[in-house]
Amino acid sequence: MSNKKRMRNFYPYRMAHITRATKPARKQAKPQGFTLLEIMVALTILSISLVVLLGLRNRDIALSAHARELTEATLLARQKITDITLRGFPELGEEAGDFGEEAPKYRWRQEVKLTPFEAIRELAVQVSWGNNREERTVHFTTYLFDSSLK
């Protein structure tokens, strides 16, 4: 028998034996994807987060509107104090009114009081807005000096 024939007879057995030994063991396939429970938990967390975020957004809108109204009321009170100052030394007493077409939802009230010093008067200005149920107000107090006295 020739060498080749011997090898042919020998190799298939040996190769089969080697290949079986070196072949990796077949692994069981792991299930891929998410379970229904995991998806439900994720959706619950997402829905709670969205509700909280929407609530914060609504609160942000309300606070922004309040800040705008407060700024506008402050500027109107400052304007009223400037008008009173430019008219000269004010008389004692109270006055009230609104800002007309310029700012229809705002109302003002001023009170001029006597101080221990004859040449100085206390001026209190109040600007209000809103309805009777939820009326908001800013108060400012300043002191005016009678410049005609020397």
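Structure notes:
- Over the Cα atoms of segment 33-123, the radius of gyration divided by the Kirkwood radius equals 1.46; this is the Rg/Rh ratio.
- With the convex hull constructed from alpha-carbon coordinates only, segment 74-150 shows a mean projected area of 5.5 nm² over all directions.
- Hz values of 3J(HN,Hα) by residue in segment 64-78 - Karplus curve (6.51, -1.76, 1.60), Gly and Pro given as x: 5, 5, 5, 5, 5, 5, 5, 5, 5, 5, 5, 5, 5, 5, 4
The numbers here are math on the coordinates, done by the rules we state, and not lab data. Note that the structure is predicted; figures quoted are calculated from it, not measured.
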